[in-house]
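The values are calculated or read from the model by the stated rules, or taken from the named source; none is laboratory data. Being a predicted model, the structure only gives us computed values, none of them experimental. Counting neighbours? That spans all protein chains shown, and the Cβs are built from the backbone with ideal geometry, glycine included.
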Amino acid sequence: MTAWTEAGAHSVGEGVYRIPLPLPQDGLRAVNVYAIADGEQVVLIDSGWALAESAELLARSLDGIGYGLDDIREFLVTHVHRDHYTQAVAIRRTHGTPVALGSGEQLGLDAIREAIRTGERPPATHLVRAGAQELQAQLGPPGPMTDDTGPWDLPDRWLPDGVDLPLHTRTLRVIATPGHTRGHVVFHDAAAGVLFAGDHVLPHITPSIGFEFPRAELPLRDYLESLRLVRTMPDARLLPAHGPDAASVHTRVDELLDHHEQRLTESAKAVEQGADTAYEAARVLHWTRRQRSFDDLDLFNQLLATTETMAHLDVLVLRGWLAVTVTDGVAHYRRS
């Protein structure tokens, strides 16, 4: 069986090709960009990370189905994370290709651009709230932002929720699915029965929740509501940003909903056992499918674990299972 990360343009439906592109870290292994043949041009869902090797592989993969970078009509980007957005902006600087992004991402993109403009990394207030002073100390104080502003330029257009995008060969509907980021969108091709799901629904892992600046008030609530929204739609073939395509969006959504209910139960139990903050609760829980301990995670994944735990605890407060008191910026949880 071919690994989903194998280079090339892989057909996943009539006129639709999945193109895995490299990432500079081992965790996610690759990001899927989807090429939709649209007559003499091609429309791309997401773009990859702005890396020379990624751009070269994208060009070779498109050449394999009869297109070049100059033939890209538009990039339709599911969310503003670097591995989805920045290569679109980089290619636009050379080829003039339009870039579209969900309108809900404007706040996050503005925050990134402002941090770069001022030269200062935003303070980790979410870590203060989580009681994660130890992790904050490892990060060090807010420092200079070294990224060039180019990859974070504004899109050519913002896509509102519910708008239809007519291509020559099909129509895509933009559906807002906040949670992984506040402005995440998916693209639904109802006629073909496929969902370009970005990071909203992934086949083998759960997307990070709450690791965003500025952080949404209740990112897990938003994510669960978005999952339920997708579940009300007709079932479709899942075309995810990471991992292989799958036959049923509904099957995976049900698994993700069950997973988060289990994590909510485990998070409540951690508080009952004495964990007072999100950081303390995260240290009690186990992580990944391998059930790794918190201390076995690297710093980046400890940050993800802590913010995700806080997202679960805040939903437990919303449901009335827990109560929270904020003292000196730190959220302390207890049974209600």
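Miscellaneous remarks
- Residues of segment 28-58 that are of a type in the set (G, A, S) and surrounded by 15 or more Cβ atoms within 10 Å (Cβ to Cβ): A30, A35, A37, S47, G48, A50, S54, A55.
- Here D148 meets the list (1) in a loop (DSSP other than H, G, I, E, B); (2) at pLDDT 95 or above; (3) out of contact with any helix residue (DSSP H, G or I) (no Cβ under 6 Å at 6 or more places or on another chain) almost entirely, failing just condition (2).
- Counting the residues of segment 308-336 that are touching a residue at least 40 places away in the same chain (Cβ under 8 Å) and of a type in the set (D, E) gives 2.
- Residue in segment 272-286 that is of a type in the set (A, V, I, L, M), surrounded by 15 or more Cβ atoms within 10 Å (Cβ to Cβ) and assigned to a strand (DSSP E or B) present: no
- Residues within segment 1-27 that are surrounded by 15 or more Cβ atoms within 10 Å (Cβ to Cβ) and assigned to a strand (DSSP E or B), tallied: 10
- Qualifying residue in segment 226-249 (condition: under 29 Å from V128 (Cα atoms), in the same structural domain as L76 (by TED's automatic domain parsing), in contact with a Pro (Cβ under 9 Å, 6 or more places away or on another chain) and not aliphatic (A, V, I, L, M)): yes
- Close pairs from segment 75-86: first within 9 Å of G198 (Cα to Cα), partner at pLDDT 95 or above and surrounded by fewer than 24 Cβ atoms within 10 Å (Cβ to Cβ), Cβ under 7 Å, at least 6 apart: V77/V99; V77/A100
- Number of residues in segment 15-50 that are among the aromatic types (F, W, Y) and touching a helix residue (DSSP H, G or I) at 6+ places or on another chain (Cβ under 7 Å): the value is 1.
- Residues satisfying the stated conditions in segment 7-34, i.e. of a type in the set (D, E) and under 19 Å from L167 (Cβ atoms): E14
- For segment 157-195, the tally of residues that are under 21 Å from H250 (Cβ atoms), hydrophobic (A, V, I, L, M, F, W, C) and free of Cβ contacts under 8 Å to residues at least 60 places away in the same chain stands at 4.
- Residues within segment 208-234 that are in contact with a Ser or Thr (Cβ under 6 Å, 6 or more places away or on another chain) and either of a type in the set (F, W, Y) or free of Cβ contacts under 8 Å to residues at least 24 places away in the same chain (or both), tallied: 1
- Residue within segment 252-267 that is surrounded by 14 or more Cβ atoms within 10 Å (Cβ to Cβ), in contact (Cβ under 8 Å) with a residue 12 or more places away in the chain, of a type outside the set (A, V, I, L, M, F, W, C) and within 30 Å of H10 (Cα to Cα) present: yes
- Residue check for S293: buried (at least 22 other Cβ atoms within 10 Å of the Cβ) and among the hydroxyl-bearing types (S, T, Y): no
- Segment 178-208, subset of a type in the set (D, E, K, R) and farther than 20 Å from F300 by Cα, residue farthest from the chain's Cα centre (by Cα): D189
- Subset tally (residues that are farther than 21 Å from W4 by Cα and among the polar types (S, T, N, Q)) for segment 233-266: 2
- Considering residues of segment 156-187 that are touching a Ser or Thr at 6+ places or on another chain (Cβ under 8 Å) and outside any loop (DSSP other than H, G, I, E, B) only, the residue surrounded by the most Cβ atoms within 10 Å (Cβ to Cβ): V185
- Set T325, T277, T307, T288: member being touching a Pro at 6+ places or on another chain (Cβ under 9 Å), of a type outside the set (G, A, S) and not assigned by TED's automatic domain parsing to the domain that holds L127: T307
- Criterion applied to D71, D110 was being out of contact with any strand residue (DSSP E or B) (no Cβ under 9 Å at 6 or more places or on another chain) and not β-branched (V, I, T), and the one residue passing it is D110.
- Identity of the residue in segment 48-102, over 23 Å from V185 (Cα atoms) and not in a helix (DSSP H, G or I), that ends up modelled with the lowest pLDDT: L51
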